[in-house]
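Here the structure comes first, spelled out in structure tokens, and everything after it is commentary.
The values are calculated or read from the model by the stated rules, or taken from the named source; none is laboratory data. As the structure is a prediction and not an experimental result, all values here were calculated from the model. We place every Cβ from the backbone using ideal geometry, glycine too, and count neighbours over all the protein chains shown.
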Ligand SMILES: Cc1ncc(C[n+]2csc(CCOP(=O)(O)OP(=O)(O)O)c2C)c(N)n1
Ligand SMILES: [Mg+2]
């Protein structure tokens, strides 16, 4: 039998305050400590908008498209560790939220989405702007609620925050019919709210920690493979990771989502792993004798060919979500726990063992030979800006500031991950699991709303930015001086690269035709536009972007045909990276069928 | 260990990614799972949606409230899969917020499974007599009678019901309604 919890009695509530459903929503948000939310009004949420009117505890950022509200809430959440909040109307408002909800589910981002719904008596009649929001979002949200009784509203609101932020975080949808927003009901506070069937296991089992510590103190070729879970767990997990690494001296690699949990300047940092990860990280993963996976999930972008994945290693997997363990890769020691708790327990256990650990020198030497390949080397040019060079310069000119980076999806995203380096968690926001083009600009809006004084840059592609570019207007309205740094290669570069690699250079519909003039576009939206074509002007123009007090669209014209390397093609193993140039013959029939 | 990249395995001779994760070589097992859930709106859809969304099998499904005071419903699911898939099914079910418990009650020494069927048979003369005789052997009850028809209520293991239905087929079987499998653990212990 597997039981998640024992029921706990709910706390008693003393003479509740009566208010309308709409007021309950706003009061619950306030009690949950929400200071910024993102939304877009419509008929079915007007009572809630009315309750927001004239109050100043919560800053409401009006977006231009509901998808923007969702990604902004995600960016806010990921850069603060707090829960993101979005508010949208029924029907199209709710369906426009499906992408960010799915995005947040894939990347485990805590988010509460409040959707309006048609009045209860009209549900099921195909009323104007009715859609089955809980039905549509059932499989893409961590949990969802349709509120049919105003007396339950306050509890549901608090429960939504609890579910969204605890365990493996994720998006929770609260769908509130308009009559419930008008109805009067009792307000109950967040104290004592529990969900008896939902009780994530935060503390690791002692025998699992003992088994893990035993393996760790005997390993000759160990590696930490860390992921977004370390960031989601909170800053303490990053501290504990650094402490445990200090104690053991093991090399560290990370997934795209985990960048920043371990400082990139550290000598034992191997860089990101996976499809566009470093040669040293992937080879170390392949040849290690012990893999300690912390808050990562063996995604196919990370493992490559699964039957050739790290064949010689024992594997320890720390994850708060038991279903992530043994899902893709069989592991030897499963540890179901919050990362920070598990890392802390490992530190204590390893110290207590007082064991003389194997000499890692041969392993480090091996890693150094891989490093010596300098896999991110590219051929620079005096005439054209190379995209890698552009990110390198952006990094050099912004690294000493309080900088937050978001990205869109494509080659530029990978170049950002390869050439921008992070020392701290929560500084890097990217759509990993879902790979959502259009994520970066609204996410940057959310980050900037949380950190008004920081430098927030969306490293973008010219195709991706067109998916959500209207959000520049949001940034202008709310005085959020985000910078959009477009690596404009006039191609859906990542698509073009795959067509070169897999489809005989038949570039079907991947050229970015009829591009807008981004400088004029910036002006039209009330921002500042900058264009750069020449490597020698790049630094000065990046500085101009940084110094501009408002939102900027930076049209950085880069080499068009550049490929993002190194690369493990789908269906290949970690030690089968393409390092130099794509020849078109790398991938066989079976590999072609993969995504 | 080598630092030179090996030639790429591009001959189509079986590169795999997670998408091609195949457990075809593993044995398929049948499982009966009791899923205890908070009886809240949509909970059945969540459970069923998990199975369809992740490509798991449902051979049989029953659901009813079993504890009104605690709002607990019991969903009994008969499913199939490799040991790996079955482990995932249980873990994925437990991720669903209103799922409280997952109990594996596969028909074995520790579990009992029963199903109920209502079987309508129409006919006269010798066939009618034969139907009654077989019903007696299966300890089926007649719960409705006309001059030309019977409705039998029969309970037992699913295979027994299938056998009963097969025997009724040549005797004028009209239609069948089955509950799907219910299960419970033997002995005094819960789950
Ligand atoms: C919403 C969405 N649609 C389609 C894709 C598939 N896709 C992945 S990368 C890409 C091209 C991105 O082009 P661009 O933004 O210019 O970036 P580049 O690769 O050129 O840097 C596309 C179409 C996606 N990831 N997201
Ligand atoms: Mg492009």
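For residue A:565, are the conditions met, namely being more than 12 Å from ligand 1 (Cβ to nearest atom), within 14 Å of chain B (Cβ to nearest Cβ), surrounded by fewer than 23 Cβ atoms within 10 Å (Cβ to Cβ) and in a loop (DSSP other than H, G, I, E, B)? Here the answer is yes, as residue A:565 does meet what is asked. Which residues, counting only those in the range A:369-389, are under 23 Å from residue A:499 (Cβ atoms) and without any contact (Cβ under 8 Å) to a residue 12 or more places away in the chain? Selection gives A:379 alone. In the set A:135, A:170, A:189, only one residue is in contact with a strand residue (DSSP E or B) (Cβ under 8 Å, 6 or more places away or on another chain) and either buried (at least 16 other Cβ atoms within 10 Å of the Cβ) or modelled with pLDDT of 95 or more (or both); that residue is A:170. Restricting the search to the range A:249-271, which residues are in a strand (DSSP E or B), touching a residue at least 24 places away in the same chain (Cβ under 8 Å) and within 16 Å of residue A:424 (Cβ to Cβ)? Scanning the range A:249-271 gives A:252, A:254.
Can you find even one residue in the range A:513-528 that is part of a strand (DSSP E or B), over 11 Å from residue A:551 (Cβ atoms) and within 16 Å of ligand 1 (Cβ to nearest atom)? Within the range A:513-528, not a single residue is part of a strand (DSSP E or B), over 11 Å from residue A:551 (Cβ atoms) and within 16 Å of ligand 1 (Cβ to nearest atom).
Filtered by the rule that a residue be more than 12 Å from chain B (Cβ to nearest Cβ) and either under 19 Å from residue A:18 (Cβ atoms) or without any contact (Cβ under 8 Å) to a residue 24 or more places away in the chain (or both), the range A:156-176 gives A:157, A:158, A:176. When we screen A:472, A:434 for residues that are away from every other protein chain (no Cβ under 14 Å), more than 13 Å from ligand 1 (Cβ to nearest atom) and more than 20 Å from residue A:562 (Cα to Cα), the only hit is A:472. Looking across A:234, A:260, one residue alone is on the phi > 0 side of the Ramachandran plot, out of contact with any strand residue (DSSP E or B) (no Cβ under 8 Å at 6 or more places or on another chain) and surrounded by fewer than 24 Cβ atoms within 10 Å (Cβ to Cβ). It is A:234. Of the residues making up the range A:14-36, just one is under 19 Å from residue A:173 (Cα atoms) and in a strand (DSSP E or B), namely A:36. Out of curiosity, is residue B:112 modelled with pLDDT under 95, assigned to a strand (DSSP E or B) and facing chain A (nearest Cβ under 10 Å)? In short, no. Going by the conditions given, is residue B:102 modelled with pLDDT of 90 or more and surrounded by 15 or more Cβ atoms within 10 Å (Cβ to Cβ)? Criteria met by residue B:102. Filter the range A:404-426 for residues that are surrounded by fewer than 21 Cβ atoms within 10 Å (Cβ to Cβ) and more than 16 Å from ligand 1 (Cβ to nearest atom) and give the result. Within the range A:404-426, A:421, A:423, A:424 meet the criteria. Filter the range B:44-84 down to the residues that are crowded, with 19+ Cβ neighbours inside 10 Å and more than 10 Å from chain A (Cβ to nearest Cβ) and list them by number. Scanning the range B:44-84 gives B:47, B:73, B:74, B:75, B:76, B:77, B:78, B:79, B:81. Can we say residue A:491 is within 15 Å of ligand 1 (Cβ to nearest atom), closer than 25 Å to residue A:393 by Cα and more than 14 Å from every other protein chain (Cβ to nearest Cβ)? Yes.
Of the residues examined, residue A:497 is one that is under 25 Å from residue A:392 (Cβ atoms), surrounded by fewer than 23 Cβ atoms within 10 Å (Cβ to Cβ) and within 12 Å of ligand 1 (Cβ to nearest atom).
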